[in-house]
Amino acid sequence: MSQAQRRDSTTESVWDYPRPPRVVPDVRRVVVRHADVVLADSRRCVRVLETSHPPVFYVPSQDVRMDLLTPSSLRTHCEWKGVASYWTLTGLGRTVKDVAWSYEEPEAAYAALSGHLAFYPGRVDGCTVDGERVRPQPGGFYGGWITDEIVGPFKGPPGSAGW
């Protein structure tokens with residue numbers, strides 16, 4: 001049975017998410033690990049829900065090991081959220097370029113993202129939501145977090161840019 005066919009009352013289809021995206025609080029425990037070190041651990045996250053994308057969890061910077069991150073020169077622009085700044089993991093004996101991003105001065109509708117960081121689950125050793133291991137969104141650009149509750153198909157793999 002495909003993920004789309006498996007949908008029930010405990011699943012969320014990314015095709016039911018809105019466009020423009022919606023920001024919702026989430027109290028589940030989110031943990032980000034790399035090289036056996038906890039980079040982030042929080043029950044005070046917000047999720048961004050956007051059509052065709054798995055949710056992205058944004059962790060309050062107070063719950064992130066900011067001492068292991070340095071600002072990157074990379075900047076991107078989201079038509080709704082504004083300018084994203086990127087962060088490179090420089091501690092732990094390895095450098096992981098652009099491992100996370102944040103909106104330092106988001107557009108007014110996305111003010112809840114200020115002071116939060118989102119991690120690419122495919123660029124760290126592991127992310128969990130209430131103990132469930134997250135699978136990264138396909139492709140290298142988007143940073144969605146796929147858990148068993150989320151069904152697609154998801155934007156990201158080759159050929160999906162025009163969705």
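The values are calculated or read from the model by the stated rules, or taken from the named source; none is laboratory data. Computed from a prediction, not measured in an experiment: that's the story for all the values here. When we count neighbours, we look across all protein chains shown, and the Cβ atoms used for this are built from the backbone with ideal geometry, even at glycine.
Going by the structure shown, is Pro153 part of a loop (DSSP other than H, G, I, E, B) and in contact with a strand residue (DSSP E or B) (Cβ under 8 Å, 6 or more places away or on another chain)? Considered against the rule, which asks whether it is part of a loop (DSSP other than H, G, I, E, B) and in contact with a strand residue (DSSP E or B) (Cβ under 8 Å, 6 or more places away or on another chain), Pro153 comes out as no. Only one entry in Val83, Val23, Val31 is at pLDDT 95 or above and either closer than 15 Å to Gly144 by Cβ or loosely packed, with under 13 Cβ neighbours inside 10 Å (or both), namely Val23. Taking the range 35-75 as the search range and keeping residues that are among the polar types (S, T, N, Q) and not in a loop (DSSP other than H, G, I, E, B), which one is surrounded by the fewest Cβ atoms within 10 Å (Cβ to Cβ)? Residue satisfying both the conditions and the ranking: Ser73.
In the range 54-78, the residues that are within 12 Å of Asp98 (Cα to Cα) and in contact (Cβ under 8 Å) with a residue 24 or more places away in the chain reach residues that are of a type in the set (Asp, Glu) and part of a strand (DSSP E or B) with C-beta atoms within less than 9 angstrom, at least six apart or across chains, in these pairs: Ser72/Asp98; Leu74/Asp98. Comparison of Tyr110, Tyr58, Tyr120 shows that the only residue that is among the aromatic types (Phe, Trp, Tyr) and in contact with a helix residue (DSSP H, G or I) (Cβ under 8 Å, 6 or more places away or on another chain) is Tyr58.
Only one entry in Val129, Val151 is within 12 Å of the chain's Cα centre (by Cα) and either more than 20 Å from Tyr17 (Cα to Cα) or touching a residue at least 40 places away in the same chain (Cβ under 8 Å) (or both), namely Val129.
Figure legend. Inter-residue proximity from the range 1-24: first residues among the polar types (S, T, N, Q), second residues modelled with pLDDT under 85, beta-carbon distance below 7 Å, spacing 6+ or different chains. Indicated pairs: Ser13/Arg7. Taking the range 76-129 and the strands (runs of 3 or more DSSP E) fully enclosed by it, the elements with 1 or more residues that are of a type in the set (Phe, Trp, Tyr) and closer than 19 Å to Tyr142 by Cβ are at 82-89, 96-102, 116-119.
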